[in-house]
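S.K.: Here it is, the structure in full.
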Amino acid sequence: MQKFTTLKTLFKRYRRPGDIVFAWFALAVAVFLLSQITQQVQFKQGGKFGSQPQLWPMVSLGLMTVFAAFHVLGSAVSERIAGRWQEVGKWLASIEYAVWFVIYAALVPKIGYLPATLAFAALLALRAGYRSKVVLGAIALVGLATVVLFKTLLQVKLPAGQIYEYLPDGLRLFMIAYF
Amino acid sequence: MENILAGAALLARWDVVIALFAGSIGGVIIGAIPGVGPAVAIAILLPATFSLDPIVGLTVLLGIYGSSMYGGALPAVLINTPGTAVNALTASDGYPMTLRGQAHRAVSLAYSASFWGGIFGILCLILLTPLLAWVAPQFGSREIFLAALLGIILVVLAYRGQVMAAGMLAMFGVFLQTVGLDAITYTQRYTFGMTFLSSGVNLIVVVLGLFALSQAFFLLVEPDDSPKPQPVSGSLFGGFKELLKHKRIATVASGFGVIMGMVPGVGEFTAQFMSYTYAQKTSKDPDSFGNGSPEGLVASEAANNAVPAAAMIPLLALGIPGEALTAMMLSVFYVHNVIPGPALFQNNIDFVYALYLALIILNVIVVLFLISATNLMTKIIQVPTRLLGVIILMLSFVGVYSLRNSLSDCMMAAGFGVLGLVLKRLNLPIVPIVLGMVLGGIMEVKLRAAMARVKTPFDMIDRPIAFIIFIVILLVLGLHMRALVRDWQANQKDADHDLHDTQIR
C-alpha cells in the first residue's frame, strides 16, 4: 500500500497503457457527434436561447470535444507506456462476453427464463475454465436461486418462454407464472 | 419528535423489516467480496426495487450503501485487498496488524469504528434536518441549476491527473441524457432515425452497463483468482472497549466524514485522508501509521462510514446527488413520484425521518451480524473471480431486461459494459458519466424553468443563495487554477499509485 503525503497525491490518477488509443477514439466520437448537430437536432425559431433543444447537445458535445482534444494532447506529450496493443486486445476480448450476454437475453423469451439461465450459467462457467462438477453444480444452483428470487418471489417483469406453450396445461401455466 | 414517531410508524411493517435485514446483510457480504462493491449491487437491484413501496425499495438500497463499507474492511484487514475502494487506507494499517497476529483486534476495531462513524453521521443528519427544512425551500430553479453546475465542476476537478478525461466523460453523460424525444418541443435529438432511441438512453441501462456488466467482463478477461483469508478467532466485542481510548479520533474522523460527504465528488477519499492526517499529527506514535496503527485504522473506518448519511443531505434537501450511488437512488425516488428536494421536507418529512431511522437500525444489524458471522464471511469472500463474473452477468440480466423487456436495452448495456471495462482498465473514472446524465438532466430542466424570470444573464445570480453558489463556483475554479500553476512551478513528480485501479467507485 502506497503512503500518501498530500491530498493531491491521494486523488491523482495515472495513465495506463492504451490511453492514447482511447483518447483518439473519444475525440473522433465527439467530433463526429458534434458534426451531426444540425441534422440531428432542430432549431426552434423564436424560442429563448435557454429553451432551445439544441442548447444542451451543443454545450455538452462542444465541451466534450475540447476536453477530448486536451486529453489526446496530454497523452501524446506523455511518456509512452509499453503494452498498448496487448491492452487493446483485452478490450476486444471483453466483446465475447458482451455477445454471451446478448445471446442470453435473446434466448429468454424463446426458451424461458429458467432454462436459459441454467444453460447460460453452466456454459459460461465452462467457458471460464471451470470443469469441476461441484463448481458447475454450484453455479447452476445460483442460477436457480436467481430465478426463484426474482421471477417466483419478487415477480419481476420477465416474459414467459415460447417453448412453454408446448407443455401440458397445468405445468404450462405454472411455468409461465413462476419460471 | 412527532415527525420522528411518524417516521418510525412508516418502518413498522414486515416488508420493511425484511428489507432492512436483506439490505444490511446483503450489503456487508457484497462489500466484503473484492470485485463486487455497492455500486454493482445497487445497479443490479435497482429495477427490482421499482415494484416495491418507496420506503421498502430505498431501505434495501440504503442498507447496501450504508453497510458495504463495513464488509469492505474485512478483506482489507485480512488479505490487504480492500473490499470497496474506500477501504484502501484501512488496509494500510489493518493488514500489518494481521501480519503481527492481531487480525482479531484489527477486525474488531474496524467494526466498532465503522459503527461509531455510521451512527455519528446519522445523528448529524437528524440534527441538521430542521436547518435543511428551512434552507431547502430557499432553492428555486436558478439555485438548483447553479448547485448542479457546481456539482459537475467538483466531480470533474476531483479526478486530479485525469481532469480532461473526467470532463470529457461528464460531458458525454450530459449528452446522453439529451438523446431521444425532447419533452418540451417534441423534437428528436440524436436518434439517427432509430426508433429505440426515441425514448432516450435509460439511466439504469447505462448504470448497469458501466458498473455491473463492466465488472463482470473485467473479472472474466483476467486469470482466475481466489482470496484465501485466515479465520479470525475470539470475541469481536473487545473493539468497542478499545475504541473508547480513541474516541477523540473517531469523533473528529466522523466529523470529516459528515462534512466531506455533503460535498459532491470528494466523499470518502478526502474524509479518510483528512482524518488519517489529523490522527497521525496528533498521535503520540505517528511513526506507527501505515505499519499497523490502531489510531489510523479508527480514523479511516470512522470517516468513511460517516459519509453515506451525509451524502443523503444534498440528495434529500435539493434532489442533487453528489456521487454515483445516490444518483442511482434518485431514480428510485422518481419512479415512485417521491421527488427529493425542498418539497420533500415540507410534505413528506415523516418519510425523511423513516429513512434516518432505517439507517440507524441497519448499522445495529450490521455490526451484530459481523460480530457473529465474521468467519462465515471469510469463506464467502473466497468465491473465484471468474465465477463471480458469471454470477454478476446473470444478475445484471434481470436488472436490464426487466425494465422494458427490451433486447435493445441489453445490447446498449453490453456496449456500456465494454466502455466501462475500457475505462476501468485505463484507470479513468466512470462516475462522471453517471453524474453528467443525472445533473445534466437537472440543469436542463431547471434552466428552462428559470428562463421565464431571467431577462439578462445577471438575473441568474440576483438572489442571495444563487449569488453565493456562483461565488463558490468561481472560488473552486480559481483554487484549481492556482493549484495547477503551483504544481507546474514546483515541477515535482508524484509517485504512481494504484489506489484508483480497484475502480469500484
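S.K.: Condition (residue is farther than 28 Å from B:L210 by Cα and small (G, A, S)) applied to the range A:105-126: is it met by at least one residue?
M.R.: No, the range A:105-126 contains no residue that is farther than 28 Å from B:L210 by Cα and small (G, A, S).
S.K.: Could I ask something else about it? Is it fair to say B:M411 is in contact with a helix residue (DSSP H, G or I) (Cβ under 8 Å, 6 or more places away or on another chain), closer than 22 Å to A:A26 by Cα and either within 7 Å of another protein chain (Cβ to nearest Cβ) or touching a residue at least 12 places away in the same chain (Cβ under 8 Å) (or both)?
M.R.: yes
S.K.: Being more than 27 Å from A:H71 (Cβ to Cβ), more than 8 Å from every other protein chain (Cβ to nearest Cβ) and touching a Gly at 6+ places or on another chain (Cβ under 7 Å) narrows it down to one residue among B:L439, B:L388; which is it?
M.R.: From the options B:L439, B:L388, the qualifying one is B:L388.
S.K.: Filter the range B:35-52 for residues that are surrounded by fewer than 24 Cβ atoms within 10 Å (Cβ to Cβ) and not hydrophobic (A, V, I, L, M, F, W, C); which is farthest from B:L325 (Cα to Cα)?
M.R.: B:S51
S.K.: Looking only at helices (runs of 4 or more DSSP H) that lie completely in the range A:45-156, which have at least 3 residues being among the aromatic types (F, W, Y) and over 16 Å from B:V398 (Cα atoms)?
M.R.: A:55-77, A:84-111
S.K.: Looking only at the range B:303-324, which residues are in contact with a Pro (Cβ under 6 Å, 6 or more places away or on another chain) and in a helix (DSSP H, G or I)?
M.R.: B:L315, B:L316
S.K.: Right, here's the next one. Could you list all residues from the range A:122-173 that are of a type in the set (F, W, Y) and closer than 23 Å to B:L52 by Cα?
M.R.: A:F150
S.K.: Another question, if that's okay. Report the residue count in the range B:155-196 for those that are within 29 Å of the chain's Cα centre (by Cα) and under 20 Å from B:V445 (Cβ atoms).
M.R.: Number satisfying all stated conditions: 12.
S.K.: Same structure again: Checking A:I139 against (1) within 7 Å of another protein chain (Cβ to nearest Cβ); (2) surrounded by fewer than 18 Cβ atoms within 10 Å (Cβ to Cβ); (3) farther than 30 Å from A:V29 by Cβ; (4) among the hydrophobic types (A, V, I, L, M, F, W, C), only one condition comes out false. Which one?
M.R.: Of (1) within 7 Å of another protein chain (Cβ to nearest Cβ); (2) surrounded by fewer than 18 Cβ atoms within 10 Å (Cβ to Cβ); (3) farther than 30 Å from A:V29 by Cβ; (4) among the hydrophobic types (A, V, I, L, M, F, W, C), only one is false for A:I139: (2).
S.K.: Got at least one residue in the range B:103-126 being touching a Pro at 6+ places or on another chain (Cβ under 9 Å), surrounded by 24 or more Cβ atoms within 10 Å (Cβ to Cβ) and aromatic (F, W, Y)?
M.R.: No, the range B:103-126 has no match at all.
S.K.: Right, here's the next one. For B:T270, indicate whether it is within 16 Å of the chain's Cα centre (by Cα), of a type in the set (S, T, N, Q) and over 22 Å from B:A133 (Cβ atoms).
M.R.: Here the answer is yes, as B:T270 does meet what is asked.
S.K.: Same structure again: Give the range A:124-136 a look and list any residue that's free of Cβ contacts under 8 Å to residues at least 12 places away in the same chain, of a type in the set (A, V, I, L, M, F, W, C) and more than 7 Å from chain B (Cβ to nearest Cβ), or say none.
M.R.: Of everything in the range A:124-136, those that are free of Cβ contacts under 8 Å to residues at least 12 places away in the same chain, of a type in the set (A, V, I, L, M, F, W, C) and more than 7 Å from chain B (Cβ to nearest Cβ) turn out to be A:L126, A:V134.
S.K.: Considering every residue within the range B:328-340, establish whether at least one is surrounded by 24 or more Cβ atoms within 10 Å (Cβ to Cβ), assigned to a helix (DSSP H, G or I) and not hydrophobic (A, V, I, L, M, F, W, C).
M.R.: Among the residues of the range B:328-340, not one is surrounded by 24 or more Cβ atoms within 10 Å (Cβ to Cβ), assigned to a helix (DSSP H, G or I) and not hydrophobic (A, V, I, L, M, F, W, C), which makes the answer no.
S.K.: Given (1) more than 8 Å from chain A (Cβ to nearest Cβ); (2) touching a residue at least 24 places away in the same chain (Cβ under 8 Å), identify the lone condition not met by B:S402.
M.R.: Here B:S402 meets the rest and fails (1).
S.K.: Go through (1) aliphatic (A, V, I, L, M); (2) at pLDDT 85 or above; (3) out of contact with any Phe, Trp or Tyr (no Cβ under 9 Å at 6 or more places or on another chain) and name the single condition B:I461 misses.
M.R.: (3)
S.K.: Which one of A:V108, A:V88 is modelled with pLDDT of 90 or more, within 8 Å of chain B (Cβ to nearest Cβ) and either surrounded by 14 or more Cβ atoms within 10 Å (Cβ to Cβ) or over 24 Å from the mean Cα position of the chain (by Cα) (or both)?
M.R.: A:V108
S.K.: Take the residues in the range B:84-102 that are closer than 24 Å to B:V40 by Cα and buried (at least 24 other Cβ atoms within 10 Å of the Cβ); name whichever of them is farthest from the other protein chains (Cβ to nearest Cβ).
M.R.: Out of the qualifying residues, it is B:T84.
S.K.: If you don't mind, there's one more thing I want to ask. Restricting attention to the range B:9-18, does a residue exist that is buried (at least 24 other Cβ atoms within 10 Å of the Cβ) and of a type in the set (G, A, S)?
M.R.: no
S.K.: Also, quick follow-up: Tally the residues that are among the β-branched types (V, I, T), within 8 Å of chain A (Cβ to nearest Cβ) and not in a loop (DSSP other than H, G, I, E, B), restricting the search to the range B:151-200.
M.R.: 1
S.K.: Quick check on the range B:369-384. Is at least one of its residues in a helix (DSSP H, G or I), more than 20 Å from B:M328 (Cα to Cα) and within 14 Å of chain A (Cβ to nearest Cβ)?
M.R.: Scanning the range B:369-384, I find at least one residue that is in a helix (DSSP H, G or I), more than 20 Å from B:M328 (Cα to Cα) and within 14 Å of chain A (Cβ to nearest Cβ), so the answer is yes.
The values are calculated or read from the model by the stated rules, or taken from the named source; none is laboratory data. All values reported here derive from a predicted model rather than from experimental measurement. Glycine gets a Cβ as well: all are built from the backbone with ideal geometry, and neighbour counts include every protein chain shown.
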